[in-house]
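S.K.: Below is the structure I would like to discuss, written out as structure tokens.
The values are calculated or read from the model by the stated rules, or taken from the named source; none is laboratory data. Bear in mind the structure is a predicted one, so any value in this text is a computation, not a measurement. In this analysis, Cβ positions are derived from the backbone assuming ideal geometry, glycine residues included, and neighbour counts consider all displayed protein chains. Heavy atoms of the whole protein, side chains included, go into the accessibility calculation; ligands, DNA and RNA do not. Shrake-Rupley method; radii C 1.70, N 1.55, O 1.52, S 1.80 Å.
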Amino acid sequence: MTNTITPIIEQLFLDLHKNPELSNQEFETTKKLRNCLEQANIRILELGAKTGVIAEIGSGSPVVALRADIDALPIDEQSDCQYRSTKQGVMHACGHDLHTSVLMGAAYLLKANEQQLKGTVRLLFQPAEENFSGALHFIEIGALNGVDAIFGMHNNPNLTINQMASRAGPFSANVDRIEITVKGIGAHAARPESGIDPIVIGAQIVNAIQTISSRTISGLDPVVVSITKFLGGNTWNVIPETVEMEGTVRTLTPDIRLKVKQQLTSIVENIAFSMGSEAELRWFDGPPSIINVAKWIDFCQNIAKQEGYEVVDFQPQLGGEDFAHYLHHVPGAFINLGSQSPYALHHPKFLVNRNMIMPAANYLANLAQLGLIELAKH
């Protein structure tokens, strides 16, 4: 059966990589996926998804969900592969084309074995992971209704294609975005005493917030506060009136997340006040940390070993993943499978090892099929 499916799935991967689409713009990708599902006679659930597809195999309870993300990134591909992106400034630099192909491969395998399924497998081909809106949209339209457990995977370029990594508890970071506005008083650069320089104040703030992780939070609790954008002024001899900054905060637990937010607000406001100015911090909650359920991580690891994967230790990462939203509604697990790339995720030369696709598809299919059996025991 795998030999019959492999050419179909490999061609899907090549098509997806050559024709990437950004978050919430995955219209052609959605058409391709619907066509693949229809050709396999897999029923599609019409829940009103703007892009992406939700489908089911099997019937009745329990219900296991498998999720893959389908969107690309605004990056100009620099690889020299024959199937490189045909869209300038857009590429699958995170492997979502791989994830989608793996899930479609699992879908075909599950469909071939549909009569033996002890329940229903729901397939979530989710859009807009890169801007963290897709999972929330799917949840809103009912993608998780009736689901008893959910599994997701991401490729990891630092692992070989026969390796799997996972852990119980925190797996990814709380991902939050910050904006800071410092309001000063403009002046001639030769007479700074006649104004209030927001650039100096902003620089003080950038330096001071580095003490949050080094002096406010325990070294045993990973915290990153990064200012990634600093804008102020438009010429060489004028002190501007305002400075605008943006950045990100990464934490692993809800209590540390709150503590960092409180400390950051205090630093921004009080440094500005001490220098005769005003500053405002605006905090935008992103996806929370993935919290994997120990039972399902043990389950995933056991199946991985049976499939021939080497299970490796994994430390929590400070990257973000909107799969976390699903785990706030349904228990489950998120794991990494090796993609063995010499370049990191989001790099313009990032490419996955295509040899991992069908083994990963087999693995996901077994997770779903055996997950139904496990759920039926309880």
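S.K.: Condition (residue is open to solvent by 10 Å² or more (accessible area, probe 1.4 Å), in the same structural domain as T30 (by the TED database) and assigned to a strand (DSSP E or B)) applied to region 124-144: is it met by at least one residue?
M.R.: No, because not a single residue in region 124-144 is open to solvent by 10 Å² or more (accessible area, probe 1.4 Å), in the same structural domain as T30 (by the TED database) and assigned to a strand (DSSP E or B).
S.K.: Could you list all residues from region 215-243 that are open to solvent by 60 Å² or more (accessible area, probe 1.4 Å) and assigned to a helix (DSSP H, G or I)?
M.R.: Correct list: R215 only.
S.K.: A further question follows. Could you check V121 against (1) within 18 Å of H328 (Cα to Cα); (2) in contact with a Gly (Cβ under 7 Å, 6 or more places away or on another chain); (3) part of a strand (DSSP E or B) and say which number it fails?
M.R.: If we test V121 against (1) within 18 Å of H328 (Cα to Cα); (2) in contact with a Gly (Cβ under 7 Å, 6 or more places away or on another chain); (3) part of a strand (DSSP E or B), just (1) comes out false.
S.K.: Just checking, how many residues over region 19-35 are among the charged types (D, E, K, R) and either in contact with a helix residue (DSSP H, G or I) (Cβ under 8 Å, 6 or more places away or on another chain) or assigned to a loop (DSSP other than H, G, I, E, B) (or both)?
M.R.: Total satisfying the criteria: 3.
S.K.: Moving to a separate point now. Can you give me the number of residues within region 253-285 that are in a loop (DSSP other than H, G, I, E, B) and either modelled with pLDDT of 95 or more or not assigned by the TED database to the domain that holds I196 (or both)?
M.R.: 3
S.K.: Still on this structure, I have one more. With the structure loaded, tell me whether Q369 is in a helix (DSSP H, G or I) and either polar (S, T, N, Q) or touching a Ser or Thr at 6+ places or on another chain (Cβ under 7 Å) (or both) or whether it fails that test.
M.R.: Yes: the conditions hold for Q369.
S.K.: If you don't mind, there's one more thing I want to ask. Inside region 190-212, can you point out the residues that are under 15 Å from P240 (Cβ atoms) and surrounded by 15 or more Cβ atoms within 10 Å (Cβ to Cβ)?
M.R.: G195, I196, D197, P198, I199, V200, I201, G202, A203
S.K.: Quick one: what pairs do we get from region 60-73, first residue within 12 Å of L16 (Cβ to Cβ), second polar (S, T, N, Q) and assigned to a strand (DSSP E or B), C-beta under 9 Å, 6+ apart or different chains?
M.R.: From residues that are within 12 Å of L16 (Cβ to Cβ), the pairs are A68/Q126; D69/Q126; I70/Q126; D71/Q126.
S.K.: Looking at this structure, is L345 open to solvent by 50 Å² or more (accessible area, probe 1.4 Å) and either part of a loop (DSSP other than H, G, I, E, B) or touching a residue at least 12 places away in the same chain (Cβ under 8 Å) (or both)?
M.R.: Here the answer is yes, as L345 does meet what is asked.
S.K.: Quick check on T6: is it buried (at least 17 other Cβ atoms within 10 Å of the Cβ), out of contact with any strand residue (DSSP E or B) (no Cβ under 8 Å at 6 or more places or on another chain), touching a residue at least 24 places away in the same chain (Cβ under 8 Å) and among the hydroxyl-bearing types (S, T, Y)?
M.R.: no
S.K.: Let me ask something additional. Scan region 145-162 residue by residue and report those that are open to solvent by 30 Å² or more (accessible area, probe 1.4 Å) and in contact (Cβ under 8 Å) with a residue 24 or more places away in the chain.
M.R.: Within region 145-162, G146, D148, N158, T160, I161, N162 qualify.
Yes or no, residue by residue, for (1) part of a helix (DSSP H, G or I); (2) assigned by the TED database to the domain that holds F350; (3) open to solvent by 20 Å² or more (accessible area, probe 1.4 Å):
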residue: L14; (1), (2), (3): yes, yes, yes
residue: H17; (1), (2), (3): yes, yes, no
residue: L47; (1), (2), (3): no, yes, yes
residue: I54; (1), (2), (3): no, yes, no
residue: Q82; (1), (2), (3): no, yes, yes
